[in-house]
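Written below as structure tokens is the structure these notes are about.
The values are calculated or read from the model by the stated rules, or taken from the named source; none is laboratory data. Please read all numbers here as calculations on a predicted model, not as lab measurements. Here the Cβ is made from the backbone with ideal geometry for all residues, glycine too, and neighbour counts use every protein chain on show. Just the protein is used for accessible areas: all its heavy atoms, side chains included, with ligands, DNA and RNA removed. Shrake-Rupley method; radii C 1.70, N 1.55, O 1.52, S 1.80 Å.
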Protein chains: 4
Amino acid sequence: MRGLLQNKYGTMFGVSSLATVTVEEIAKIANTPKMFQFYFHKDRGLNDALLERARAADFNVLALTVDTITGGNRERDKRTGFTSPPKLTLDSLMSFATHPAWAWNFLTKEKFDMPHLSGYVSQGTNLAVSVGDYFSTMLDQSMNWNDAEKLCSQWNGQFALKGIMSVEDAKRAVDIGCTGIMVSNHGGRQLDGCRSPFDQLAEICDAVGDKIDVICEGGIQRGTHVLKALSVGAKACSGGRFYLFALAAAGQAGVERVLGNMCTEIERDMKLMGVTKLDQLSRDNLRFHHSR
Amino acid sequence: MRGLLQNKYGTMFGVSSLATVTVEEIAKIANTPKMFQFYFHKDRGLNDALLERARAADFNVLALTVDTITGGNRERDKRTGFTSPPKLTLDSLMSFATHPAWAWNFLTKEKFDMPHLSGYVSQGTNLAVSVGDYFSTMLDQSMNWNDAEKLCSQWNGQFALKGIMSVEDAKRAVDIGCTGIMVSNHGGRQLDGCRSPFDQLAEICDAVGDKIDVICEGGIQRGTHVLKALSVGAKACSGGRFYLFALAAAGQAGVERVLGNMCTEIERDMKLMGVTKLDQLSRDNLRFHHSR
Amino acid sequence: MRGLLQNKYGTMFGVSSLATVTVEEIAKIANTPKMFQFYFHKDRGLNDALLERARAADFNVLALTVDTITGGNRERDKRTGFTSPPKLTLDSLMSFATHPAWAWNFLTKEKFDMPHLSGYVSQGTNLAVSVGDYFSTMLDQSMNWNDAEKLCSQWNGQFALKGIMSVEDAKRAVDIGCTGIMVSNHGGRQLDGCRSPFDQLAEICDAVGDKIDVICEGGIQRGTHVLKALSVGAKACSGGRFYLFALAAAGQAGVERVLGNMCTEIERDMKLMGVTKLDQLSRDNLRFHHSR
Amino acid sequence: MRGLLQNKYGTMFGVSSLATVTVEEIAKIANTPKMFQFYFHKDRGLNDALLERARAADFNVLALTVDTITGGNRERDKRTGFTSPPKLTLDSLMSFATHPAWAWNFLTKEKFDMPHLSGYVSQGTNLAVSVGDYFSTMLDQSMNWNDAEKLCSQWNGQFALKGIMSVEDAKRAVDIGCTGIMVSNHGGRQLDGCRSPFDQLAEICDAVGDKIDVICEGGIQRGTHVLKALSVGAKACSGGRFYLFALAAAGQAGVERVLGNMCTEIERDMKLMGVTKLDQLSRDNLRFHHSR
């Protein structure tokens, strides 16, 4: 479905190792560039298999997730029993009761699955492993720069690190051969007190913006957010909750609506800023509060 | 009515292309300088006609609106069906019900019209075009600096750009022959996240304050607001909601009251600041928080 | 009563032209230094009479009020009919009903009077002139530096300007022979958007602190407030609402309590700051947020 | 009990002169380093006795409390009759009623006592002296740097000043032979308007971080708080309310839970920061807002 909409709006499509739809199915319906969000597992066979499936499905970009080497302390998830697929606890039942559209979708749609991981999951039989447990048991927390460099070379194409927040790491991404980085703190859900990606964007763009693509991810909800990031020097923006809330509330129609709104807003805002092309955007459009 | 009050308080009178009263009627009742707020339409005939009507009615200033080349994303307007004249939707009826004085005025006063545009509006028969639609269908969104320069020379008198927010544009306004600029973000309703006019005032005054009149528009509600803007270097201030809320709530008496209050406040505040003439105002009166 | 308490706590006593008790009565009961807060009237005979009464009553300091040359726009006072003595309006009756102790005091105590002004008030017969009216009808709004200099020389003793907020005015106070200034914005009730006295204290102390006494007035409620002002460079602090709220709520016992608390707090806070004498206080004790 | 848990989590144990359990009992159950928080009393015999008891019980660190030379103005304590042990007032009864677990513990557990002070307390018979009274009647408010130096030399071991908040005092701590300082404002309960320890940490570490151990105390509740302090340059962190709230609510299980959480958080956060050893932490991890 997102594949269909990205065709319409020309957005790049991203899907992760945890996806409930396979890269092959996505490839069938999406014409625009596709990104595979890669999690680095202890099981190197699983890593290789995922990489080759993404390559075979003509995915254009491999983005290695580097800000989720361990699960964040998602205290709310622990209370509500958030798993993928969701567990029915008293709390989650209450949540369903107060969000009837979500509950309806959950109960009437086909069951969730994580096909990319099937065959590699040893914990339990029904994959109802909590997101937190998945991170701690299946991911390789000792992943290092060598692993990233090897994966980059193995992919041998557009390769990004997803979750860079410092100039130092951005420079190293260049050194190991990345063609891009996604400045991201994983939605602010990993490390409490973390700065926002936008806060880090300027210095990272200053350091590596002329060498690799810098993508800003985090908190993107409106056209002005995108234009601010591009004004600072980002090449593009990426969003998750941006379309996910709409998806949960109204399905494909919801996602279509937010993508349409985003298009309209970017156009309108550019007119109001007196800008006709993206390369006319610059930091002169912005004012910053101090921090150091 | 505003014409009458401006005679009493010596304020300059401004009216836009969207006005419900003609420039000719205003000319009959107003003695003080008059400003015509010009919207640049696709229909050059309409533009010429408006300009000549303003000239014939002895308007002293033409202010070309440059921050509303497209309608802002006024999300509330979309929900409430705000049009000029207003449409009776369930929401607007509710709004009327909770603002009885407004409803009474709306239902008992003569019907609204936009006489400056009659004869040029092709959409529908009753002019009940939403403000958003008006901007997108009738205004020339490709208006550029050449258009502005030509209009300035065609008017051949006091000419201002209304909606300047940057030093660069302020300088260009000087270059094309403007005699003034109105620093404004159109009431903050156009571009979300926009800075306030006052925030931009100092650097704009520094750049062009000695060459053209810089007028500060936006958020002016009290005498101290005016005195702050003049202290920074503005020549004058302009306000919309300042008198419009009073107008909606209490008609001519309301506007008279806010104008009277403004006079009194400016006088009192100058006394309290130890200032007897406006040219004694300077930035020494103010302290600024940092931004860069 | 305040006279009695100042004997106990060694505070300086201040009373204004608007006082309900005469300088002569105060002189009888107060042993510590006394300050007369002088308002400059149109009626120079009244001015002279007030000055001589204060001198005859052995007042030690004359403080000329310079921040209240006109009444502030005290919007609340207008609504509640606040006058001295108070007028019984519906609003003030409601206020009395919800503050029974105040109402009891008002109804059972002897009637208020402004004895310093009796014989000079032409408006009405019962002195129930609103504070706002008093400022606008009786005070000389054209008072200038020459008037202040003449008064200073006429008094020929400790003479302060009360209501200085800028370095420039502080320097001029030195020039005309003042021995002190009270950095004050008249309780923040005069000019909306005014900075606080403490905000201005550092630069004023830097400019004139070695030549005259700088007194900080405004918002002093606790021992730390006094210690902060002294750390910046003030010679002393002055407070109005500090004791007035306590007075209204609990009479002499209330004032005694807040003065006692203040003493205790200053002592305790000095111990906690590791300071045994006031001259050990310095700006090293403080950290400032930026503004310029 | 804390002794047992510190064995498990490797935390250092601290206990004060006001403790309800003796240093000897603690020594029996705790294997990891122990700190005795020393209050300097007027009664030098009590001081000597406490020091020797701590030495005999193999305590490793003596921390002299220097920010509580006098009781803070703990206004809430005055209202609720907070004493050690607690007094049963109407307010405290209400408080117990709304915190049933606390009340249950209070009523069923053995009575509190302050064994370190017994034999030295002359005020009353049951030790129910309020914390405020204890500070003002038993502590030596004239304690000075010589006293601290003498105590340091008398202890002749790891010796810290607890409650340092300035560079100047930190330097002097080095001069008198201290091996550490605890940057602390005593939980913010002593001096209102005081800066937080973390605010002062950087400049203190810059001044003495290479000469003595700088420990950050105050507001530590999460792993990121510890990592921030260590990134600035602290050697360790210390917390009181961190475990005390858990203790009051759930006893040993509560403390075990918060210590476990803290361990987990520090580990997880280090992984997310890309740090494998504490000495990789530096100020590059942080961004500061301005103050000067």
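Taking into account only those residues within region A:263-292 that are among the polar types (S, T, N, Q) and over 25 Å from B:Ala202 (Cα atoms), which is nearest to the other protein chains (Cβ to nearest Cβ)?
Step one: filter region A:263-292 for residues among the polar types (S, T, N, Q), giving A:264, A:276, A:280, A:282, A:285, A:291.
Those still in the list that are over 25 Å from B:Ala202 (Cα atoms) too: A:264, A:276.
Working: A:Thr264: 8, A:Thr276: 9 Å.
This residue is A:Thr264.
Which residue out of B:Glu217, B:Glu149 is open to solvent by 40 Å² or more (accessible area, probe 1.4 Å) and either in contact (Cβ under 8 Å) with a residue 40 or more places away in the chain or out of contact with any Leu (no Cβ under 8 Å at 6 or more places or on another chain) (or both)?
Details: B:Glu217 fails: open to solvent by 40 Å² or more (accessible area, probe 1.4 Å).
The conditions single out B:Glu149.
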What is the one condition in (1) closer than 22 Å to C:His225 by Cα; (2) within 13 Å of chain B (Cβ to nearest Cβ) that C:Ala173 does not satisfy?
(1)
Can you pull out the residues in region A:199-224 that are touching a Pro at 6+ places or on another chain (Cβ under 8 Å) and within 14 Å of another protein chain (Cβ to nearest Cβ)?
A:Gly219
Which one of these does C:Ser291 not meet: (1) at pLDDT below 95; (2) closer than 21 Å to D:Arg195 by Cα; (3) polar (S, T, N, Q); (4) in a helix (DSSP H, G or I)?
(4)
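Do you know which residues across region B:8-66 are touching a strand residue (DSSP E or B) at 6+ places or on another chain (Cβ under 8 Å) and in a helix (DSSP H, G or I)? Let's see the steps before the verdict.
Just the residues of region B:8-66 that are touching a strand residue (DSSP E or B) at 6+ places or on another chain (Cβ under 8 Å), to begin with: B:12-17, B:21, B:23, B:26-27, B:30, B:32-42, B:47, B:50-51, B:54, B:57-66.
B:Val23, B:Ile26, B:Ala27, B:Asn47, B:Leu50, B:Leu51, B:Ala54, listed by residue number.
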Pairs needed: first member in region D:12-35, without any contact (Cβ under 8 Å) to a residue 24 or more places away in the chain; second member anywhere, outside any strand (DSSP E or B) and open to solvent by 20 Å² or more (accessible area, probe 1.4 Å); C-beta distance under 8 Å; at least 6 residues apart or different chains.
D:Phe13/D:Arg2; D:Phe13/D:Thr32; D:Phe13/D:Pro33; D:Val15/D:Val21
Hits in region C:270-284 (condition: more than 25 Å from the chain's Cα centre (by Cα), in contact (Cβ under 8 Å) with a residue 24 or more places away in the chain and crowded, with 18+ Cβ neighbours inside 10 Å)
C:Met270, C:Met273
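Quick check on region A:247-258. Is at least one of its residues of a type outside the set (Phe, Trp, Tyr), closer than 25 Å to B:Leu191 by Cα, touching a residue at least 24 places away in the same chain (Cβ under 8 Å) and buried (at least 17 other Cβ atoms within 10 Å of the Cβ)?
From region A:247-258, those of a type outside the set (Phe, Trp, Tyr) are A:247-258; that's our starting set.
Now restrict to residues that are closer than 25 Å to B:Leu191 by Cα: A:254-258.
Add one more test, that the residue is touching a residue at least 24 places away in the same chain (Cβ under 8 Å), and what stays is A:255-256.
So of that shortlist, the ones also buried (at least 17 other Cβ atoms within 10 Å of the Cβ) come out as A:255-256.
Yes, the conditions are met somewhere in region A:247-258.
Quick check on C:Leu227: is it open to solvent by less than 30 Å² (accessible area, probe 1.4 Å), outside any loop (DSSP other than H, G, I, E, B), within 14 Å of chain B (Cβ to nearest Cβ) and not β-branched (Val, Ile, Thr)?
Numbers: open to solvent by less than 30 Å² (accessible area, probe 1.4 Å): yes; outside any loop (DSSP other than H, G, I, E, B): yes; within 14 Å of chain B (Cβ to nearest Cβ): no; not β-branched (Val, Ile, Thr): yes.
Judged against the criteria, C:Leu227 is not a match.
State all residues of region D:244-262 that are within 14 Å of chain A (Cβ to nearest Cβ) and either closer than 24 Å to D:Gly163 by Cβ or not polar (S, T, N, Q) (or both); if no residue qualifies, say none.
Here is the first cut: in region D:244-262, the residues within 14 Å of chain A (Cβ to nearest Cβ) are D:257-258, D:260-262.
D:Arg257, D:Val258, D:Gly260, D:Met262, listed by residue number.
Does D:Arg241 count as among the basic types (Lys, Arg) and either surrounded by 20 or more Cβ atoms within 10 Å (Cβ to Cβ) or within 12 Å of chain A (Cβ to nearest Cβ) (or both)?
Working: among the basic types (Lys, Arg): yes; either surrounded by 20 or more Cβ atoms within 10 Å (Cβ to Cβ) or within 12 Å of chain A (Cβ to nearest Cβ) (or both): no.
No, not satisfied.
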Boolean, D:Asp206 is free of Cβ contacts under 8 Å to residues at least 12 places away in the same chain and surrounded by fewer than 20 Cβ atoms within 10 Å (Cβ to Cβ)
no
Going by the conditions given, is D:Lys8 open to solvent by 70 Å² or more (accessible area, probe 1.4 Å) and modelled with pLDDT of 65 or more?
yes
Mind listing whichever residues of region C:152-190 are aliphatic (A, V, I, L, M), under 15 Å from B:Gly274 (Cβ atoms) and surrounded by fewer than 22 Cβ atoms within 10 Å (Cβ to Cβ)?
C:Val167, C:Ile176
